[in-house]
Structure formats: structure tokens, C-alpha cells
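Bear in mind that the values in this text are calculations on the coordinates, not laboratory data. Owing to the predicted nature of the structure, the values given are computational and were not obtained by experimental measurement. So basically every Cβ, Gly included, is an ideal-geometry build from the backbone, and we count neighbours across all protein chains shown.
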Amino acid sequence: MDDKKIIFSGTQPSGVLTLGNYLGAIKNWVELQKDYRCIYAMMDLHTITVRNTPADIRRRTLEVLALYIASGIDPDENIMFIQSQNPNHAELAWVLNCYTYMGELQRMTQFKDKSARHAENINAGLLTYPVLMAADILLYQTDFVPVGKDQMQHIEICRDIAGRFNSLYGDVFKIPEGLLSKTGAKIMSLQDPVKKMSKSDPNPKSYISMMDDMNVIAKKIKGAVTDSEGKVEYREGDDTKAGINNLLSIMSAVTGRSIEAIAADYQNQGYGVFKADVAEAVVECIRPIREKYDKLINDKAYLSGICKNGAENARRISERTLNKVYKKVGFVI
Ligand code: ATP
Ligand code: LTN
């Protein structure tokens, strides 16, 4: 490998990607590919921590890849692969499980949220999910992990696990840093704007899917929950303003203009005009991605080729770290 710093990130094929995934993560990845050696994966091993239909996982995995490419990630310059096609992830996760404490895992916000939402299936994988995520990152001696704000707690535990392992065995892992996008790091639900926009939300009106028709996108934004005050003003931390704060953040992320400048434009306007303009800006942001996506998704041979090639590269790079770990803990290799 050259001397560029390493970026690793991924999304789960647990649903159709949302505007939150795009603005919080993928858009940032596109920028980073110029200066870093980037590895972006489809995290299917993580997806079975909650019940999903197998055919859906299989189909969505290639949909996620097509969306990465349609968003502007160049498959010739970056490594893209399916997590389950590189067995080193599961192998390192097992080892790291033995260096992670139950108490740390039980404190994770995502574990608490998901175990409340899936009370009938609080499986061990849901608890140990952050250990697998740590393995994903540490296998590649990653420098930076670009994610949305909701994932920062998982980056912290990854750093703790790596530090603990290094203090026992010497410098085995690079300690990675999380990287937030400047705008759009936390896009909120359109129906309950104090909750993050999530592709697994049972109410489709709460999220904009990257696959929604353009008129559906406009309708969802026009139906977004706001307040009755009628002022397009950004007030950080004021939950009564959460809906407008969110629409301002979305507008800022898709146009690249500052929230202040946007709010100033709508000083004397009602929510109707503002929402119509946000809808138009979001549609214009998504439209070109969709057009590319629609062409790519039918070319299964091309997409599978990228995965195969990506998995070979990923395996080769990550093998070095795994071998080092096995040697350090005492396995005969
Ligand atoms: P699920 O709802 O299935 O838990 P998710 O959409 O929350 O899925 P991922 O697909 O794993 O989670 O997320 C991929 C990336 O998108 C992560 O970096 C995550 O931080 C980011 N992301 C997810 N939701 C948002 C959001 N609402 N705003 C900003 N970034 C987000
Ligand atoms: N947990 C992440 C998805 C994910 C990930 C990773 C992101 C799994 N492994 C490694 C970055 C690096 C999520 O966004 N829910």
C-alpha cells in the first residue's frame, strides 16, 4: 500500500438507504476518496443482529453497493466489499470479544434502543455488535472512520478495546479516530424530529429513502412535523424547534450553504414556502444519484465483480493484522 492514511466505513444492508445515511456518511466518503486510501463495505454480518428476510439482505447488499457507486465512489480507486466475504472480520471479532467487558457493552445506547425495540429477540449478537465493528475497523490499521453522530460511541469503545489490547501485547492496532461530516451528521426523523432518521423505522413517512420517487420525497418533506410558531429559525437544543432545525440542517447539507444564510432568506416567509424549497433542493440532490443507480442496478455481473475483487483485496490487507493478533495471543500459525 502507498503512504496515504486509511479510511474505513460501511453501512448495513438492513433497508433502503436514507437521506440520513447519505448526508451523514456517504456524501463525506465521496470527498475523502481524493486524499485517502478508502475501504467501504456492506456490513451484512451486522444485519442479522435483528430479524431480516434473507432475500432482502441479499438484494439490498448489491443495492447498497450500487448506491455507493452512484453517489460518486470510484470502484477503481477504492476497495468495496461485502463483509461476510472476508472471514477475517468474524475471526478477529471472536478474539476481541475476550478483551471486552459485558458492562461496557450493556451501556451502549444502540444496544439499549434496539433491545427495547426488539424485546422478543435480545440475542448475544445485538450486545456484541460493537466488538464486530471494532474488528472491522482495526483489521485495516484504519486512521479515520467517517460516520454519523450516532456511531461515535461505537468508535470510542473500538478505541478502548484497541488500547487495552495494545497495552497487553505491544503496538498491534492503530488507534482510529471518528470523523463527522460538517453538516448533516445527525438527520432527524420527519415525523418525530427528536429521534434520528432511521431506515428501520416502521413509519416510511419518517424518512426519505434514496429510492423514493421524486414526488414522494416532496410529499414527505411537506408533511414533516414542525411547530405552530411560524418562524424559520434555528434554535439548537430547543425541542419545540426540532422539526425546523432538522429541515434547516437538511437544506444546509444539500446546498452547501450555512444554516444562518438559509434562515435569513426565510425570515418573512411561512413554513409552506420553506418546505417547498427544501423539497426541491432534496429532489435535485437525489435525482442524479438515482439516475446513475437505475443504470447500475441491472448490471449484476459488474456489481458482483467489484465485490469479488474487493473481498480479495480486503482479505489480503486484513490478513496481516489477524496473523499478528494470533501470534500475540499464543495461537500456532
Ligand atoms: P438501522 O436503522 O438499520 O440501524 P442506520 O441507518 O441507523 O440503520 P447504518 O446503515 O448502519 O445505520 O448507518 C450507516 C451510516 O449512516 C453510519 O455512519 C451512520 O452513522 C449514518 N447514519 C445513519 N442514520 C443517520 C442519520 N439520521 N443522520 C446522519 N447519519 C446517519
Ligand atoms: N455500526 C454501523 C455500521 C458499521 C460500521 C462498521 C461503520 C459496521 N461496522 C465499521 C463504520 C465502521 C452503523 O452505522 N450502524
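Could you sort the peptides 42-53, 288-299 by per-residue average Cβ neighbour count (10 Å cutoff), highest mean leading?
42-53, 288-299
Taking 0.36 nm per intervening residue step and subtracting the Cα-Cα distance, what contour gain separates Asp56 from Ser228 on full extension?
So the chain would gain 57.9 nm between Asp56 and Ser228.
Find out how many positive minus negative residues lie around Pro176, taking Lys and Arg as positive, Asp and Glu as negative, among other residues whose Cβ is under 11 Å from that of Pro176.
-1
Using alpha carbons only, how many degrees (0 to 90, rounded to 10) separate the axis of helix 88-97 from the longest principal axis of the chain?
Approximately 80 degrees, to the nearest 10.
For the ranges 251-258, 79-86, 98-105, what's the packing order if you count other beta-carbon atoms within 10 Å of each residue, average per peptide, and put the highest first?
79-86, 251-258, 98-105
Which whole-angstrom value gives the distance between the alpha carbon centres of region 262-333 and region 79-138?
21 Å
How far is helix 152-169 tilted, in degrees, relative to the longest principal axis of the Cα atoms in the chain, given as a value from 0 to 90 rounded to the nearest 10?
Result, in degrees: 20.
For the chain, calculate the relative contact order in percent as a whole number, restricting contacts to Cα pairs under 8 Å that are 6 or more residues apart. The partial results should precede the final answer.
Values: 510 pairs, mean separation 75.3, N = 333.
Dividing the mean separation by the residue count of the chain yields 23 percent.
Set the bar at 24 Å for Cα to Cα. Now go through Lys149/Lys195; Lys114/Lys196; Lys196/Lys220; Lys222/Lys295 and name every pair that lies beyond it.
Lys222/Lys295
Which ³J(HN,Hα) values, rounded to whole Hz and listed in residue order, are derived for region 3-12 from phi using the Karplus coefficients 6.51, -1.76 and 1.60 in 6.51 cos²θ - 1.76 cosθ + 1.60 with θ = phi - 60°, glycine and proline given as x?
8, 5, 6, 9, 10, 10, 7, x, 10, 8
In the structure shown, do any of Lys34/Lys327; Lys34/Lys292; Lys112/Lys308; Lys112/Lys327; Lys34/Lys324; Lys241/Lys292 have a Cα-Cα gap over 32 Å, and if so which?
Numbers: Lys34/Lys327 35 Å; Lys34/Lys292 21 Å; Lys112/Lys308 35 Å; Lys112/Lys327 35 Å; Lys34/Lys324 30 Å; Lys241/Lys292 36 Å.
Beyond 32 Å: Lys34/Lys327; Lys112/Lys308; Lys112/Lys327; Lys241/Lys292.
What FRET efficiency would be calculated for the residue pair Asn121, Lys34, taking the C-beta separation as r and a Förster radius of 45 Å, to the nearest 0.05? Present the calculation step by step, with values, prior to reporting the outcome.
Values: r = 42 Å, r/R0 = 0.93.
Efficiency computed from Cβ-Cβ geometry: 0.60.
Measure off 7 Å from each Cα along the Cα-to-Cβ vector at Arg320 and Thr109, then give the distance between these two points in nanometres to one decimal.
3.5 nm
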